[in-house]
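Engineer: Before anything else, here's the structure in question.
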Amino acid sequence: MSEAVESTAGAVAGKAQALVRDSVKTVIAASMVGTAIEFYDFYAYGTAAANYFPHIFFDKTDPTVALLASLLTFAIAFIARPLGSLVFGHFGDRMGRKTTLVVSLMTMGVGTFLIGCLPTYDQWGVAAVALLCLLRFVQGIGLGGEWSGAALVATENAPEDKRALYGSFPELGAPIGFFLSNGTYFLLETFNDSDAMLAWGWRVPFLLSAVLVIIGLVVRVHMEETPIFRMAQEKKQVVKAPIVEVFRKSWVQVLQATFLVAVTYTLFYTLATWSLAWGTKAQGEGGGGLGFTNQEYLLMLMIAICVFAAFIVISCVNADKFGRKRVIITSSVLLVVFSALFPFLLNGEVVGQRNFLANMVFLCVGFALMGTAFGPIGAFLPELFDANVRYSGSGIGYNLAAIVGAAFVPTIATWLSSHWGVHSVGIYLGVMAVCCLVAVLSCHETKDVDFTK
């Protein structure tokens, strides 16, 4: 009798295990596609803000002022993201990861698609700029609930000794989205001149985002709720006000999470948005006069983004083996060194114009350090918080980092470089790296934390 019971129990356990294993494939795809769309949308906007929006929405002003104004609209979504993390974090911890991720993706997708439908300044004047800002805000609200939910559906389905590796899947969405966005602009600029890009070509990446959103929705509707959230429901550990609980018990972890992530944002948008303008624009237009065409720079970025993807995986494997803290401490120290040296690679007086080797060294080393710093975050941030407030806590920290580390990076870097030269941008990045180092040193190692609690 006992043997029969044990046999039945074993069969049930095996069936449950198989179910989890099957669902892992789906949730990994669901987490990756969401962050891919996030970075696709944001980099499509960043590229347009650096190259097209100054002419389309701010063409009545001085070129440098127009660029700065355009980049300020880039910051609006980052300001909205913490609000989105409060809203979606509440429902993610109350109702579950799956439903919340579906709604956040729809919100983000609608905002991005409608940006591609906007009238220009010549057509609607200031109203066009106001609509651009409004849709950028909506985009930010949706994005506020995206990353933390994507990280949770991956890590809450992961074996205990592979959480960082599983957490790399939503992180890999970043280079995928970046590559798709850059590739779209690269192809458009290959077959169209600047007049065509200003007339209609800039809209195409925003309109094409609808295809990615539909794919993401199909995947997410069919995914399972995470087993750890189901366990929290069964144990009646779901709290009514997760936001209140986060700030009552875990405010220190929110601050740690903010500064752990902030430097990765600063580095990413320094590499991907500011350097694009610096490398392609003349000095009188807010650039460094390095002489690259926009198409050449996009191609260099697409090559370098492969390095980013490789180092995300490498750093996550190391984080599972050696611990999250050791990997991020290493990346922070190396970033301080990088911030002191990279300005020489972007100084036209030192390397001359159109120095592809110097620029590729800057991009590849920068993205290698970006991958090393960014990869373990997918596991490290959720591990800082208890299961019943994990969506809210990790989301708030991640999205506050977007304000601290990303919202004004292109604007600040453009202003600094135009007034005090490229070395001032290096100092800016170095300060952010030191802040990350202080934050990670204040954290406990979370590699072996009980993730079910």
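The values are calculated or read from the model by the stated rules, or taken from the named source; none is laboratory data. Computed from a predicted model, the values in this text were never measured in an experiment. No Cβ is skipped: glycine too gets one built from the backbone with ideal geometry, and neighbour counts run over all protein chains shown. Areas reflect the complete protein model, heavy atoms only, side chains present, ligands, DNA and RNA absent. Shrake-Rupley method; radii C 1.70, N 1.55, O 1.52, S 1.80 Å.
Engineer: Scan region 204-216 and tell me whether some residue there is open to solvent by less than 80 Å² (accessible area, probe 1.4 Å), touching a helix residue (DSSP H, G or I) at 6+ places or on another chain (Cβ under 8 Å), not aromatic (Phe, Trp, Tyr) and not in a helix (DSSP H, G or I).
Structural biologist: Scanning region 204-216 turns up no residue that is open to solvent by less than 80 Å² (accessible area, probe 1.4 Å), touching a helix residue (DSSP H, G or I) at 6+ places or on another chain (Cβ under 8 Å), not aromatic (Phe, Trp, Tyr) and not in a helix (DSSP H, G or I).
Engineer: Which ones in region 361-390 are more than 16 Å from the chain's Cα centre (by Cα), closer than 24 Å to Lys453 by Cβ and part of a helix (DSSP H, G or I)?
Structural biologist: Correct list: Glu383, Ala387, Asn388, Val389, Arg390.
Engineer: Keeping to region 331-350, report how many residues are part of a loop (DSSP other than H, G, I, E, B) and either under 15 Å from Tyr428 (Cβ atoms) or open to solvent by 60 Å² or more (accessible area, probe 1.4 Å) (or both).
Structural biologist: Total satisfying the criteria: 1.
Engineer: Scan region 220-230 residue by residue and report those that are part of a helix (DSSP H, G or I) and open to solvent by 40 Å² or more (accessible area, probe 1.4 Å).
Structural biologist: Passing the criteria: Val221, Arg230.
Engineer: In addition: Could you give me the residue pairs with C-beta distances under 8 Å whose first residue belongs to region 376-389 and is among the polar types (S, T, N, Q), whose second residue is assigned to a helix (DSSP H, G or I) wherever it lies, and which are 6+ apart or on separate chains?
Structural biologist: That search, which allows pairs on different chains as well, returns Asn388/Asp93; Asn388/Ala232; Asn388/Pro242; Asn388/Glu245.
Engineer: Show the residue pairs that are 6+ apart or on different chains and have beta-carbon atoms under 6 Å apart, the first residue being within region 62-83 and free of Cβ contacts under 8 Å to residues at least 40 places away in the same chain, the second being open to solvent by less than 20 Å² (accessible area, probe 1.4 Å) and in a helix (DSSP H, G or I).
Structural biologist: Pairs that qualify, where the first residue is free of Cβ contacts under 8 Å to residues at least 40 places away in the same chain and the partner is open to solvent by less than 20 Å² (accessible area, probe 1.4 Å) and in a helix (DSSP H, G or I), are Ala66/Pro54; Ser70/Ala49; Ser70/Phe53; Ser70/Pro54.
Engineer: Being buried (at least 17 other Cβ atoms within 10 Å of the Cβ) and over 17 Å from Tyr52 (Cβ atoms) narrows it down to one of Val138, Val129, so name that one.
Structural biologist: One residue alone meets the criteria, Val138.
Engineer: Identify the single condition in (1) touching a residue at least 12 places away in the same chain (Cβ under 8 Å); (2) part of a helix (DSSP H, G or I); (3) of a type in the set (S, T, N, Q); (4) open to solvent by 10 Å² or more (accessible area, probe 1.4 Å) that Gln353 does not satisfy, given that it satisfies every other one.
Structural biologist: (2)
Engineer: Looking only at region 262-302, which residues are open to solvent by 10 Å² or more (accessible area, probe 1.4 Å), more than 17 Å from Leu345 (Cα to Cα), among the polar types (S, T, N, Q) and assigned to a helix (DSSP H, G or I)?
Structural biologist: Asn294, Gln295
Engineer: Next up: Of all residues in region 52-89 being β-branched (Val, Ile, Thr) and more than 16 Å from the chain's Cα centre (by Cα), which is surrounded by the most Cβ atoms within 10 Å (Cβ to Cβ)?
Structural biologist: First pass over region 52-89, keeping only residues β-branched (Val, Ile, Thr): 56, 61, 64-65, 73, 76, 79, 87.
In the following step, the residues that additionally are more than 16 Å from the chain's Cα centre (by Cα) were identified as 56, 61, 64-65, 73, 87.
On the way: Ile56: 25, Thr61: 13, Thr64: 18, Val65: 12, Thr73: 21, Val87: 21.
Only one residue fits best here, namely Ile56.
Engineer: Still on this structure, I have one more. Met197 versus (1) within 30 Å of Leu276 (Cα to Cα); (2) without any contact (Cβ under 8 Å) to a residue 60 or more places away in the chain: which is the lone unmet condition?
Structural biologist: (2)
Engineer: When only residues in region 303-327 that are in contact with a Phe, Trp or Tyr (Cβ under 6 Å, 6 or more places away or on another chain) and open to solvent by less than 30 Å² (accessible area, probe 1.4 Å) count, which is farthest from Gly352 (Cα to Cα)?
Structural biologist: Arg324
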